[in-house]
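Below: the structure, in structure tokens.
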Amino acid sequence: MGNDGSKDNFGCKGCWPPSAEAAWEARGQLRREDPLIDESHYIVAVLTCSACAQRFISIFTEEIDWVDGDDPQYWTLMPLTQQEATDLGRRDGSLSVAALKSLASDRRSLRRDYPKGVDEPRLYWATGV
Ligand SMILES: [Zn+2]
């Protein structure tokens with residue numbers, strides 16, 4: 001199997017398929033809960049698959065390009081364990097996004113980068129958030 005990340009224990013075929021393109025498309029079908037952080041250029045939300053109840057953390061970042069207004073945008077989607085999802089959703093924030101970075105640094109995640117000056121966003125598998 002190696003380290004290609006094509007198998008992990010999260011989600012179902014519908015929400016966490018082997019291809020990054022399919023996974024990005026599947027993201028659109030996930031149910032979005034109230035964002036944990038909702039600033040105009042930094043949005044963190046938990047998304048849930050209605051088929052298998054897998055929960056994901058979604059992080060969206062936009063860098064402001066004051067010069068050209070061509071703002072680079074970045075998305076990360078990573079599945080969560082039940083415990084992580086619960087902790088993240090708590091108002092007292094017993095698990096922060098920063099903590100999650102260290103906790104799940106080798107977990108497969110989906111990235112979509114849309115940097116400045118490119119025509120097409122880049123979609124790829126990475127690890128962590
Ligand atoms: Zn699913």
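Each reported figure results from applying straightforward, stated rules to the coordinates on display, with no laboratory input. Since the structure is predicted, the reported quantities are computational estimates derived from the model, not experimental observations. Here Cβ is always computed from backbone atoms with ideal geometry, including for glycine, and neighbour counts include all displayed protein chains.
Here are the numbers:
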| read-out | value |
| --- | --- |
| From phi via Karplus (6.51, -1.76, 1.60), per-residue ³J(HN,Hα) for region 92-97 in Hz, x at Gly/Pro | 7, x, 5, 10, 9, 4 |
| Simple spin-label estimate for Ile64 and Asp92 in nanometres, 7 Å along Cα-Cβ | 3.5 |
| Projected area, mean over directions - region 8-119, Cα convex hull, nm² | 7.7 |
| Label point distance in nm, Asp8-Ser105, each placed 7 Å from Cα along Cα→Cβ | 1.5 |
| Inter-label distance for Tyr42 and Asp71, nm, one decimal - labels placed 7 Å from Cα along Cα-to-Cβ | 1.4 |
| The chain, helix-only ellipticity at 222 nm - DSSP H runs n ≥ 4, -39,500 (n - 2.57), divided by all residues, nearest 500 | -4500 deg cm²/dmol |
